[in-house]
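Following: one structure in C-alpha cells, then a few remarks.
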Amino acid sequence: MDCDKVKELLPLYIDGGLSDDESKAVSEHLADCPQCMAEYEQLKNIAAACKDLGFPDPPSGYKQRMTAVVEEDAKKRRKGMFGAAAAVIAAALLIFISVSSIGDGNVAMDETASTAQYAGEIAESQPPQNQAASGSDVSTGDEWKAVSDAAGASAETPQSGYKADQSAPTEETTDTGEGTGQDLAIASADAQQRKIIKSAYLSLETENFDNTVNSIIGRATALGGYVSNSEYNNRSEGKRTAHIEVKVPQQSFEQYLSDMGGYGKVVEDRRSGQDVTAQYIDTETRLKMLRIKEQKLMDLLSKAETLQDMFTIQDQLTNTQIEIERLTGDLKRWDDMVDYSTAVIDIYEVAEIEPEPEDNPNIWKRIGKAFVDSINAIGRFFEGFIVFLFGAVPYLVLIGIVAWGVITFIKNRMRT
C-alpha cells in the first residue's frame, strides 16, 4: 500500500471505520513510514482536541419551543391536505353534474348557481398554509370559475342547444388555425437554427490539369475556405490525378459546388447533410447541468470539515470538470463542422473530354457511331498487336536460337 492511499484512509483509520485487513495494512505501513506516521499523529491530536471541546448546552426552553413549532406545522399541513382534498371532490362533483346536464340538454339555473356557490365556499375555506396547498387552491378556483361561466352562458340563452352546436365548430376551427400558425412559426424559427453538417463528393475530368487544380483551390480561398488535404499522382498512361479536400463556409458551399462545372466535366456529384440539432441541444443541456453541479461541488468543498469529505468532493469535482471539457470539445467540433462544409474533389487528366451522349439519337447517328467505334476498335487491335510484336522480339530471337541449335543437332545425328 503506497503513501497516498494510506493518507486517504487515515481519517477512517482513526475513527475505526476500516475493515480488519485494511487496518492491518495501514498499521504495517505506518510502522515502516515515518512521514505517514507523523501525519497520523498530527491527525490523531487534532481529533483528540476536537473531542475535548464538547458541545454547549441549549438555551432554557429550547426543546419546548421546538416541539410546539413542529406540532403547529403538522396541524397546518393536515388542514392544507384536507382543504385540497375537499376542493378536488367538489371539482369532480361539479364536472359530473355539468356533463350530465349537457347530455340531457336542459340545465336548471338554480342548480348551477347553488353548485357554483358551494364550490366557491369550499375554495374560500381552504387555508393557504403552505405553497403546495396554495397552488392547488388557485388552479382549482380557476377551474370552478371557468365551469361556472360556461354554465351561466348556457343558461342565459334559452333553448340555444342548436345554436350552441353550430357555434362550437367555428370556435374549434379558429383555435386550430391559430395553433397551426404557431406551429409553423416555431418550425420556421427552429429551421433557421438547425445544426446541419453538409458534405459533397465530386469527380471531374479535365484537359488542362494545372489550371483546373489552381482554379478549384483559388475559388475556395476566395470564398473564405481552405485546403485541408491534397494528393497528386501520375497514372500508368502518363495522365495525372489529384485528390483535394477543401473546407468552405456553409453559406457559400452551394455556390462553390455550382462553380465546379466551369473547371471541367463533372462525372459524379454526390451531396449529403447530417442533422445534429438534437445531439447538439442535448449536449448543451448536459453541459449546463454539469456547470451547475461544478459550482455546487466547489461550494461544498469550501465548507468541507473532514479530510474524507474533502477527498470525496474533490474526486467528484475532477470527474465533473473532465466531462465539461469533453462536452465543450464536442460542441466546438460540431460548430466547426457546421460552419465549414467539406467538399472532396477527385480530378482526372484526360487527352480529350468526350461529349455528352444524346438522349434519343436517330438511326443514322447510331449507325455512324457504331461504325466509328468499330474502326477505332480495329485500330486499337493493330496498335496493340504491333506493340506486342516489338515487345516480344527478344523472346522470339531467343526461341529462334534454341530452335536452330536443336535442328542442327538432329541433322548431324541423322548424317552419322
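All of the numbers you see were taken from the coordinates with simple rules; none came from a lab. Source: prediction; values computed, not measured. Here the Cβ is made from the backbone with ideal geometry for all residues, glycine too, and neighbour counts use every protein chain on show.
Direction-averaged shadow area of the convex hull around the Cα atoms of segment 282-416, nm²?
Working: hull surface 108.5 nm².
Averaging across all directions leaves 27.1 nm² for the Cα convex hull.
Find how much the distance from Ser199 to Ile363 grows on full extension, using 0.36 nm per residue of separation minus their present alpha carbon separation; answer in nm with one decimal.
On the way: separation 164, 0.36 × 164 = 59.04 nm, distance 4.22 nm.
Between Ser199 and Ile363, full extension yields an extra 54.8 nm.
I'd like the FRET efficiency for Ile46 and Glu231, computed as 1/(1 + (r/R0)^6) with the beta carbon distance as r and R0 of 60 Å, rounded to 0.05.
Once the sixth-power term is evaluated, E becomes 0.35.
What ranking of Lys293, Lys24 emerges when the number of other C-beta atoms within 10 Å of each C-beta is taken as an exposure proxy, fewest first? Spell out each step's value before the answer.
Working: Lys293 15, Lys24 11.
Exposure proxy ranking, most exposed first: Lys24, Lys293.
Which length gain, in nm to one decimal place, applies between His243 and Asp309 when the Cα-Cα distance is subtracted from 0.36 nm times their residue separation?
Separation in residues times 0.36 nm, less the Cα-Cα distance, equals 18.0 nm.
Peptides 410-416, 341-347, 205-211, 283-289: what's the order by average Cβ count within 10 Å, highest mean first?
Going by the mean number of other Cβ atoms within 10 Å, highest first, we get 341-347, 205-211, 283-289, 410-416.
What nm distance separates the two modelled labels at Lys24 and Glu294, each placed 7 Å from Cα along Cα→Cβ?
So the two model labels end up 4.5 nm from each other.
Looking at segment 302-351, which GluC sites (Glu not before Pro) are in a loop (DSSP not H, G, I, E or B) and have at most 15 other Cβ atoms within 10 Å?
Listed in order of number, the matching sites are Glu305.
What ranking do Trp334, Trp364 get, fewest neighbouring Cβ atoms within 10 angstrom at the top?
Ranked by crowding around the Cβ, least crowded first: Trp364, Trp334.
With the dipole of segment 196-356 worked out from charges on the C-beta (+1 for Lys and Arg, -1 for Asp and Glu) around the Cα centre, which of Ser215, Trp334, Gly262 lies farthest toward the positive end?
Value computed over the given set: Trp334.
Between Asn214 and Lys75, what is the spin-label point distance in nm, taking each point 7 Å from the Cα along the Cα→C-beta axis?
9.7 nm
For a protection proxy built on the mean count of beta-carbon atoms within 10 angstrom, sort 274-281, 219-226 highest first, please.
Values: 274-281: 13.6, 219-226: 15.6.
Ranking, from highest mean packing down: 219-226, 274-281.
Lys pairs in segment 196-356, Cα-Cα under 22 Å, at least 8 apart or on separate chains: how many?
Taking the Cα cut-off of 22 Å, the pair count is 9.
Return Thr212, Thr306 ranked ascending by Cβ neighbour count within 10 Å, so the fewest neighbours appear first.
In increasing order of surrounding Cβ atoms, one gets Thr306, Thr212.
Looking at the calculated P(r) for segment 364-416, what percent of the C-alpha pair distances fall above 16 Å?
Numbers: 904 of 1378 pairs.
More than 16 Å apart: 66 percent of the Cα pairs in segment 364-416.
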